[in-house]
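S.K.: Take this structure, written in structure tokens, and hold onto it; I'll ask about it next.
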Amino acid sequence: MKKTSIFSLTAALMMTANLYAQSSYTVTINPNICYQTIADFGSSDCWTADFVGKYFSDAEKEKSAKWLFSQEMDADGNPEGIGLSMWRVNLGAGSAEQGSQSGIEDITRRGYCYLDANGNYDWTKSAGQQYFMQQAKKYGVDHFLLFSNSAPVQFTKNGKACANKGVSGSNLADNHYADFAKFLTTTTKHFTDEGYNITLIDPVNEPQYDWTEGQEGSPWTNECIAKLARELDKSITYQRLSAQILLPEACQWKALYQDGTEKRANNQIEAFFNTSNSSTYIGDLKNLKRAIAGHSYWTFGTNADLKDIRQNVWNKAQEYNLDVYQTEWSMLDKEPSTSAGFPSSYDAASYMDISLYMGKLIHCDLTYGNMASWSYWTSFAQEKWGQKNRFYLLRMNAQGDNNNESYGDIQNGGTITDNSNLWVLGNYSRFIRPGYKRIDHITNKEEDLNKLLGSAYLSPDGKRIVLVYVNMMASQNSVRINIEGQKAAKDINVYRTSAKENLKHIKSSFSLDKLIAIPTKSVVTIVIDFEDAINTGISHIKADKAGSNDIYSIEGKLVRKHADSTEGLAKGIYIQNGKKFVIK
């Protein structure tokens, strides 16, 4: 007994010494400074969820649904799933019914349409897709978004769900704008009546592209999008729906705030929300969400892009008091640069390298882009051509898959396996729930996107703070947490994702005055609960209230409007554009 005790004490002292020897950060959390309110974290069902729901066994389907939607813990305190709060549901255009005549070769990129050419609705279609909608509702997913890549084929110019080359405007026929809007709202009303909380309708997707093949899709100009939005607004009012319109799912962020980025549909924030653009202004529509939606593709290769592009879209959005929604991302494009902390190639990257970089991108979207919603593309996929986990949360293993040498038919079923992508997203989605606010997180070291990244979130009742850390480094870090106005916590729980851990609950005793380890190449969530609600002192200060160069006192009082300089300010701490600065 004595030898064991001496050994344990020695080991504990060595571990403590090693912990202090690693790079440590002093973190100050200020709940008085709030940024965006989080709407949700989500993922898309397009298109393979329908195949899983139809062709895979009940056990595989149920396991998949639990991984995606559950908010429960197992007996050891580990999350059973990532608790998505948004489920993005694709409304197919009818290419699946057309089969090989659709012009879309890949069957997993075709979609069934609830509406036929005779005007009849068949709600039994897309049964596999509806299985996951039902599971999401059962598990308590907060929000559902219905999105369309193409209008139903009977409404398009060429009778297909993808466009002909050189089509002008969009592939939606000029006389069918109201019909497409009616289809969207009728479908929304059906599922709302079925008990689904449909909060958003997104009628267009990546309008900048031609979409002549490969999947359902249509090009759109800003004028055509505005025309459709007006029809959809009227139809939502007629159907007495609470769902709002979300636009425009831009293919990349720069298309939202500058001209000349893509061949069409550029500078979309100005187009839709500047009153001087009479042909495209839709900012006065009753049922339009005061938000702008885009995708994080193509803008994640360097640290400069991760920071500057996201700040630019946020700054432009704030000119019109808009939230920013990130509605699609997976690791498209060439590999990120080594200067951004990614390995030299996708071949050299591990599965965790890819997941870790996703964690870094989410951090940048939330902290530099102040994004209120974040969703992955797409939930299920086979792993092909050495792509590893670049394009899925859950891997479909079809019967006949053979180590990237041959690929089985998912219509014959198979198995589903989880992946570090799923659990890294869960470090955010499982714990940062709808209504949480991002709050001020300051460290004693300037943020380096290749080192330790951290952000903080406050629950609506003020009794919980959630911290998420992404350690990009090949060495362990640690954090000592100071929360302004709080000396002790009721409870602290830590959850970790690494190459060998899937959102694992770390069983240990933690306190605010002790270092908490953030191991090498891991994503760690720290959940801090308090007995009573934190008294923030500032109830409504947000980044959007401190925008346009307005300067606020630390108490939230407006000090100087549209300030170009700080000359003449008294000594103290101030807030400008959501950032603290000190006048000495």
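S.K.: Within the stretch 445-476, restricting attention to residues that are part of a loop (DSSP other than H, G, I, E, B) and in contact with a Gly (Cβ under 6 Å, 6 or more places away or on another chain), which residue is farthest from Thr417 (Cα to Cα)?
M.R.: Checking each candidate, the answer is Pro460.
Matching residues to (1) of a type in the set (A, V, I, L, M); (2) free of Cβ contacts under 8 Å to residues at least 12 places away in the same chain; (3) touching a helix residue (DSSP H, G or I) at 6+ places or on another chain (Cβ under 7 Å); (4) not assigned by TED's automatic domain parsing to the domain that holds Val141:
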{"residue": "Glu447", "(1), (2), (3), (4)": "no, yes, no, yes"}
{"residue": "Val468", "(1), (2), (3), (4)": "yes, no, yes, yes"}
{"residue": "Asn471", "(1), (2), (3), (4)": "no, no, no, yes"}
{"residue": "Ala488", "(1), (2), (3), (4)": "yes, no, no, yes"}
{"residue": "Ile506", "(1), (2), (3), (4)": "yes, no, no, yes"}
{"residue": "Phe510", "(1), (2), (3), (4)": "no, no, no, yes"}
{"residue": "Lys514", "(1), (2), (3), (4)": "no, no, no, yes"}
{"residue": "Ile518", "(1), (2), (3), (4)": "yes, no, no, yes"}
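S.K.: Here is a further query. (1) buried (at least 24 other Cβ atoms within 10 Å of the Cβ); (2) in contact (Cβ under 8 Å) with a residue 60 or more places away in the chain; (3) not in a loop (DSSP other than H, G, I, E, B): which one isn't true of Val479, the others all being true?
M.R.: (1)
S.K.: Of all residues in the stretch 358-388, which are part of a loop (DSSP other than H, G, I, E, B), buried (at least 24 other Cβ atoms within 10 Å of the Cβ) and not hydrophobic (A, V, I, L, M, F, W, C)?
M.R.: Listed by number, the residues that qualify are Gly369, Asn370, Ser379.
S.K.: Out of all the residues in the stretch 255-299, which are surrounded by 16 or more Cβ atoms within 10 Å (Cβ to Cβ) and among the acidic types (Asp, Glu)?
M.R.: If the condition is that a residue be surrounded by 16 or more Cβ atoms within 10 Å (Cβ to Cβ) and among the acidic types (Asp, Glu), then Glu262, Glu270 are the ones that fit.
S.K.: For the stretch 415-429, how many residues meet the condition of being β-branched (Val, Ile, Thr) and not in a strand (DSSP E or B)?
M.R.: Here the count works out to 1.
S.K.: Within the stretch 459-508, count every residue that is over 17 Å from Gly426 (Cα atoms) and of a type outside the set (Gly, Ala, Ser).
M.R.: Of the residues in that region, 20 qualify.
S.K.: Moving on. Is it the case that Glu405 is modelled with pLDDT under 95 and under 30 Å from Ser23 (Cα atoms)?
M.R.: Considered against the rule, which asks whether it is modelled with pLDDT under 95 and under 30 Å from Ser23 (Cα atoms), Glu405 comes out as no.
S.K.: Those residues that are touching a strand residue (DSSP E or B) at 6+ places or on another chain (Cβ under 9 Å), of a type in the set (A, V, I, L, M, F, W, C) and more than 15 Å from Leu452 (Cα to Cα), I need them from the stretch 352-397; list them, please.
M.R.: Across the stretch 352-397, the qualifying residues are Met352, Leu366, Met371, Ala372, Trp374, Trp377, Phe380, Ala381, Phe391, Leu393, Leu394, Met396.
S.K.: Additional query: Please count how many residues of the stretch 147-170 are surrounded by 21 or more Cβ atoms within 10 Å (Cβ to Cβ) and out of contact with any helix residue (DSSP H, G or I) (no Cβ under 9 Å at 6 or more places or on another chain). Spell out the reasoning first.
M.R.: Step one: of the stretch 147-170, the residues surrounded by 21 or more Cβ atoms within 10 Å (Cβ to Cβ) are 147-153, 155-156, 160-163, 170.
The next check asks that each one be out of contact with any helix residue (DSSP H, G or I) (no Cβ under 9 Å at 6 or more places or on another chain); those that pass are 147, 149, 163.
The number of residues fulfilling the criteria is 3.
S.K.: Hey, another quick one. Looking at the stretch 209-219, is at least one residue in the same structural domain as Gln154 (by TED's automatic domain parsing), closer than 24 Å to Ala39 by Cβ, in contact (Cβ under 8 Å) with a residue 12 or more places away in the chain and crowded, with 23+ Cβ neighbours inside 10 Å?
M.R.: no
S.K.: Which of the numbered conditions does Gly77 fail, given that it passes all the others? Conditions: (1) in contact with a helix residue (DSSP H, G or I) (Cβ under 9 Å, 6 or more places away or on another chain); (2) part of a loop (DSSP other than H, G, I, E, B); (3) farther than 25 Å from Ala163 by Cβ.
M.R.: So Gly77 meets the others, but not (1).
The values are calculated or read from the model by the stated rules, or taken from the named source; none is laboratory data. Just so you know, these numbers come straight off a predicted model, no measurement behind them. For neighbour counting, all protein chains shown are included, and Cβ atoms are generated from backbone atoms with ideal geometry for every residue, glycine included.
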